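Comments concern the structure below.
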Amino acid sequence: MFITFEGIDGSGKSTQARLLAENLRTLDHTVVLTREPGGTELGERVRDLLFGLDGRHWDPTEQALLHYAARSIHLRKVIRPELRKGNIVISDRFHDSSWAYQWGAGNIRKDLLSTLDSHVLGGTVPDMTILLDLDPEECPGRLTYRLPEDGNHFDHRSPLWFQGVREAYLERARLHSERFYIVDASQSIEVVADTILHMVREKIDEQC
Ligand code: TYD
């Protein structure tokens, strides 16, 4: 079972991915918790390239290419081998992030992302994608503004910019309704965690 967490920055994905991993381990499942960009040593270096001091120089197409390079090795070295062993893989972000950020907010061409998906994913798509949905205009305090090693990297990220990301996520969810599960991220951490655990247990039971 391959489960991905998606949502705008500040939606609580990382906390919820960790809680789900802990809850499933309590139920005796073997779980690998990983993240993008990152998940491998080289992938973490790509993350540094994207978010380090010089990260602001990449345009959205270049960002996408870097994300997919990291994604490719992540799939090859971690995700596919762990799935083959029968383990549950939980990834904090995956390809839907590229659609939401580089296409939804960055306006890169859809056909570039479709081509990258077909070459890089090669059919390894999530069984479940949990979208932690948050309205950036209702919860501006929750938005996180990454990185300010240089004081202003990503300062352009306004609630309106995040709205573009959110709308792209919701469109992905409509298009891929068989794997998307939308959860209202404005609820408490405990309620969100219980909702997600319930959904995942149902899906595991279905697959058995
Ligand atoms: P992340 O580490 O998930 O932080 P947060 O917990 O704040 O969401 O964020 C990584 C950033 O990278 C986030 O702003 C989304 C962005 N990103 C993309 O733009 N494209 C991608 O394909 C991925 C995986 C992430």
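Tabulated values for the structure
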quantity: Pairs where the first residue, in segment 130-142, is at pLDDT 90 or above and the second is part of a strand (DSSP E or B) and acidic (D, E), C-beta under 8 Å, 6+ apart; calculated: I130/E6; L131/E6; L132/E6; D133/D184
quantity: The lone exception for S14 - which of (1) open to solvent by less than 30 Å² (accessible area, probe 1.4 Å); (2) near the ligand (Cβ under 9 Å from one of its atoms) it fails; calculated: (1)
quantity: Residues (touching an Asp or Glu at 6+ places or on another chain (Cβ under 6 Å) and at positive phi) located in segment 26-55; calculated: G38
quantity: Failed condition for Q163, given (1) among the polar types (S, T, N, Q); (2) at pLDDT 95 or above; (3) in a helix (DSSP H, G or I); calculated: (2)
quantity: All positions within segment 56-113 that are at positive phi and in contact with a strand residue (DSSP E or B) (Cβ under 9 Å, 6 or more places away or on another chain); calculated: R93
quantity: Test result for L75, aliphatic (A, V, I, L, M), more than 10 Å from the ligand (Cβ to nearest atom) and within 25 Å of F180 (Cα to Cα); calculated: yes
quantity: Condition check for R71: open to solvent by 10 Å² or more (accessible area, probe 1.4 Å) and either within 24 Å of C139 (Cβ to Cβ) or basic (K, R) (or both); calculated: no
quantity: Residues that are open to solvent by 10 Å² or more (accessible area, probe 1.4 Å) and either more than 13 Å from the ligand (Cβ to nearest atom) or touching a His at 6+ places or on another chain (Cβ under 8 Å) (or both), drawn from segment 17-32; calculated: L19, E22, N23, R25, T26, L27, D28, H29, T30, V31, V32
quantity: Contacts under 8 angstrom Cβ, first residue in segment 36-62 being over 21 Å from L113 (Cα atoms), partner more than 11 Å from the ligand (Cβ to nearest atom) and among the hydrophobic types (A, V, I, L, M, F, W, C), 6 or more apart; calculated: T40/I73; T40/V78; L42/I73
quantity: Selection count where residues are surrounded by 14 or more Cβ atoms within 10 Å (Cβ to Cβ), in a helix (DSSP H, G or I) and not small (G, A, S), scope segment 50-60; calculated: 4
quantity: Failed condition for R45, given (1) open to solvent by 90 Å² or more (accessible area, probe 1.4 Å); (2) within 14 Å of the ligand (Cβ to nearest atom); calculated: (2)
quantity: Number of positions in segment 76-105 that are within 24 Å of R201 (Cα to Cα) and part of a helix (DSSP H, G or I); calculated: 9
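The values are calculated or read from the model by the stated rules, or taken from the named source; none is laboratory data. This structure is a prediction, so every number in the text was calculated from the model and none was measured. Cβ coordinates were reconstructed from backbone atoms using ideal geometry, including for glycine residues, and neighbour counts include every protein chain displayed. When the accessible area is computed, the model is the full protein with side chains, heavy atoms only, and any ligands, DNA or RNA have been set aside. Shrake-Rupley method; radii C 1.70, N 1.55, O 1.52, S 1.80 Å.
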